[in-house]
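The structure appears right after this line, and notes come after that.
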Amino acid sequence: VQLQASGGGLVQAGGSLSVSCAASGRTSDNYVMGWFRQAPGKEREFVCEIWTGTNAYYEDSVKGRFTISRDNAKNTASLQMDSLKPEDTAVYYCAARWLKTPKYEYWGQGTLVTVSS
């Protein structure tokens with residue numbers, strides 16, 4: 001599975017931004033798509049993931065502000081980020097794992113999201 005992330009950029013605090021991820025290669029409906037982020041000087045952290053249907057899970061700090069969605073027909077996943085805060089500044093990575101595998105195996109290149117105060 002190859003993942004290609006797009007979107008990101010610079011936005012002021014309180015603003016919105018979206019990032020997208022396109023999957024190709026060995027794809028099917030039986031994989032989970034997720035987003036991780038890595039802020040400067042910090043370890044990469046889980047942001048959210050969406051299963052094959054609409055079941056989605058979020059890290060506590062982004063609940064109510066971020067929304068992940070997916071289009072299984074197009075093998076894409078999107079992350080809508082609202083009410084952005086400076087602490088959301090990070091490189092965002094899309095990732096994928098098989099439904100029965102807890103570890104994310106496939107990673108896209110990162111895309112930078114910068115939130116100015």
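Rounded to the nearest 10 Å², what accessible area does residue 82 show when all protein chains are kept and the probe is 1.4 Å?
Near enough 50 Å² of accessible area.
By accessible area of protein heavy atoms, probe 1.4 Å, what ranking do 83, 117 get, highest first?
Working: 83 65, 117 135 Å².
In descending accessible area the options line up as 117, 83.
What are the residues whose amide H is under 5 Å from the amide H of residue 84, where those residues sit 5 or more places off or on another chain and H is modelled from the backbone?
For residue 84, whose amide H was placed from the backbone, the distant partners under 5 Å are 14, 15.
Using a 1.4 angstrom probe with every protein chain in place, what is the largest-first accessible-area order of 91, 32?
So the residues, ranked largest to smallest area, are 91, 32.
Report the far tail of the P(r) of the chain, meaning the percent of Cα-Cα pairs longer than 22 Å.
Of all Cα-Cα pairs in the chain, 26 percent lie more than 22 Å apart.
Can you work out the accessible area per residue across the chain, with the rest of the protein chains kept in place, probe 1.4 Å, in square angstrom?
Numbers: 6170 Å² over 117 residues.
That works out to 53 Å² per residue.
Given H placed 1.01 Å from N in the peptide plane, which residues other than close sequence neighbours of residue 32 have an amide H under 5 Å from its amide H?
Here the answer is 97, 98, 99, since their amide H atoms fall under 5 Å of that of residue 32.
Which of the lysines could a cross-linker span from residue 42 if the Cα-Cα distance has to be under 21 Å and same-chain partners fewer than 8 positions apart are dropped?
Within reach: 63, 85, 103.
What part of the accessible area of the chain, given as a whole %, is carbon or sulfur when the probe is 1.4 angstrom?
48
Suppose we keep just the DSSP beta bridges with both residues in the chain; what percent of those would be antiparallel, to 5?
90
Once label points are set 7 Å from the Cα along Cα→Cβ at both residue 55 and residue 105, what is their separation, rounded to one decimal in nm?
1.9
With θ set to phi - 60°, apply the Karplus curve 6.51 cos²θ - 1.76 cosθ + 1.60 along the range 17-26 and write out the HN-Hα couplings as whole Hz, x wherever there is a Gly or Pro.
7, 10, 10, 10, 9, 10, 9, 9, x, 7
Work out the FRET efficiency for residue 74 and residue 13 from their Cβ-Cβ distance, taking R0 = 30 Å, and round it to the nearest 0.05.
0.40
The values are calculated or read from the model by the stated rules, or taken from the named source; none is laboratory data. Since this is a predicted model, take the numbers as computed values, not measurements. So basically every Cβ, Gly included, is an ideal-geometry build from the backbone, and we count neighbours across all protein chains shown. Ligands, DNA and RNA are excluded from the accessible area calculation, which covers all protein heavy atoms including side chains. Shrake-Rupley method; radii C 1.70, N 1.55, O 1.52, S 1.80 Å.
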